[in-house]
1. What are the residues in region 114-135 that are surrounded by 18 or more Cβ atoms within 10 Å (Cβ to Cβ) and modelled with pLDDT of 90 or more, if any?
2. Any chance region 193-212 includes a residue that's touching a residue at least 40 places away in the same chain (Cβ under 8 Å), surrounded by 14 or more Cβ atoms within 10 Å (Cβ to Cβ), more than 19 Å from residue 38 (Cβ to Cβ) and touching a helix residue (DSSP H, G or I) at 6+ places or on another chain (Cβ under 9 Å)?
3. Looking at region 245-292, which of its residues are closer than 22 Å to residue 29 by Cβ, without any contact (Cβ under 8 Å) to a residue 40 or more places away in the chain and in a loop (DSSP other than H, G, I, E, B)?
4. State yes or no: is residue 11 at negative phi, surrounded by 19 or more Cβ atoms within 10 Å (Cβ to Cβ), at pLDDT 95 or above and touching a strand residue (DSSP E or B) at 6+ places or on another chain (Cβ under 7 Å)?
5. Return yes or no: is residue 254 within 25 Å of residue 183 (Cα to Cα) and in contact with a strand residue (DSSP E or B) (Cβ under 7 Å, 6 or more places away or on another chain)?
6. Would region 232-240 turn up any residue that is surrounded by 10 or more Cβ atoms within 10 Å (Cβ to Cβ) and over 30 Å from residue 8 (Cβ atoms)?
7. Please verify whether region 243-262 includes one or more residues that are under 19 Å from residue 201 (Cβ atoms) and within 19 Å of the chain's Cα centre (by Cα).
8. Does residue 163 satisfy the criteria of being touching a strand residue (DSSP E or B) at 6+ places or on another chain (Cβ under 8 Å), at negative phi, surrounded by 12 or more Cβ atoms within 10 Å (Cβ to Cβ) and modelled with pLDDT of 90 or more?
């Protein structure tokens, strides 16, 4: 059955350099979902300030085409090390300290280079204004805007799509533009399943991330090794929001004195990278903000949750 028409803004193949790969205090890899929804929110605010006050970006999908995590592995090493860029000494004192073997301290940062596409479901714009709207989108992406803390190096021409719910032709015309690539989807149900079996959150997560190796020996003493995970698919840990730890209030030197402050910790769950050609509905890959005041949760969750 054909349903409502949904408006989608496609930002294809955005190449980002030095994005933040430290997605939570204990996960390194693809940037957190909060980074992508935050980038879409920042882009909406720029568009609103540019004269399109009614434009609203309602939900976002992220498709990864390539990720280059900035790590290295030395000869004979078994673990990878973070590549930490350091600037050269910029003052006479720093140069003196450097020559004396006392280099200034630095903060470790985990970076990655990305090639990603964003799908943004939007509303609040007339068809007559679409050309000017697209010009503003390209202008802001070309300017000083960042994605996940990284610099935008290049991007392909943005495009607008109208997708009728239930119209497979419309959906396939869009997903073909996203291939080859992997959309980020949430697999929270795997965490729930593991915790319902008595495991704590960390054990439930590791149970689905662990690779189990086994061997079989045939009648001729030939050994065959196989490897598998508990669940099929490219399962990964993803950071999807924050959990408030303290009551709302004021803090010394907080960035915005008008907004209540609270300390929070990252919310990490399981996700999956899935090829877009396998989806049957946009809501399978779209994400939106969700706030649960009673549980002090500030989340990014999927539309089909």
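The values are calculated or read from the model by the stated rules, or taken from the named source; none is laboratory data. Remember, predicted model here, so these are calculated numbers, not experimental data. Don't worry about glycine lacking a Cβ; one is built from the backbone with ideal geometry, like all the others, and counts go over all protein chains shown.
1. Within region 114-135, 114, 115, 116, 117, 118, 119, 120, 121, 122, 133 qualify.
2. Checked against the condition, which is being touching a residue at least 40 places away in the same chain (Cβ under 8 Å), surrounded by 14 or more Cβ atoms within 10 Å (Cβ to Cβ), more than 19 Å from residue 38 (Cβ to Cβ) and touching a helix residue (DSSP H, G or I) at 6+ places or on another chain (Cβ under 9 Å), region 193-212 yields at least one hit.
3. Scanning region 245-292 gives no hits.
4. It is true that residue 11 is at negative phi, surrounded by 19 or more Cβ atoms within 10 Å (Cβ to Cβ), at pLDDT 95 or above and touching a strand residue (DSSP E or B) at 6+ places or on another chain (Cβ under 7 Å).
5. No.
6. Scanning region 232-240, I find no residue that is surrounded by 10 or more Cβ atoms within 10 Å (Cβ to Cβ) and over 30 Å from residue 8 (Cβ atoms), so the answer is no.
7. The answer is yes, given that some residue of region 243-262 is under 19 Å from residue 201 (Cβ atoms) and within 19 Å of the chain's Cα centre (by Cα).
8. no
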